[in-house]
Amino acid sequence: MDSDRIEGAATQFAGRAKEAAGAITDNDSLRGEGYYDQATGTAKEQFGRAKDTVAHNPLSSIVAAGLVGLVIGFVIGRR
């Protein structure tokens, strides 16, 4: 587990706390910050997971990236 995954989980937790505090105090701005922090934390955690996957399975990551590129090429080529 790397620092991105840990930091992402902490940011998600803080976002949930902000969202709850905003709901209790009826503060829409604070609720919005909470939602934003949760989304940011999720993205950071997923980035950490992707880094772990690439570090542990480089060949499968290269194959997956190649398939994504192939699909994007087909989609762009059909236009």
### Message
Show the residue pairs meeting these rules: Cβ distance below 7 Å; 6+ apart or different chains; first residue within region 25-48 and within 29 Å of residue 2 (Cβ to Cβ); second residue surrounded by fewer than 17 Cβ atoms within 10 Å (Cβ to Cβ) and not polar (S, T, N, Q).
### Response
34/16; 37/14; 38/16; 41/9; 44/7; 45/9; 48/2
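Would you check if residue 53 is surrounded by 14 or more Cβ atoms within 10 Å (Cβ to Cβ) and among the polar types (S, T, N, Q)? Don't jump to the end; show me each part of the working.
Details: surrounded by 14 or more Cβ atoms within 10 Å (Cβ to Cβ): no; among the polar types (S, T, N, Q): yes.
For residue 53, the condition - surrounded by 14 or more Cβ atoms within 10 Å (Cβ to Cβ) and among the polar types (S, T, N, Q) - is not met.
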### Query
Taking region 13-29 as the region of interest, how many residues are crowded, with 18+ Cβ neighbours inside 10 Å and not basic (Lys, Arg)?
3
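Taken together, the values in this text are just the output of simple stated rules run on the coordinates, not laboratory data. All values reported here derive from a predicted model rather than from experimental measurement. Counting neighbours? That spans all protein chains shown, and the Cβs are built from the backbone with ideal geometry, glycine included.
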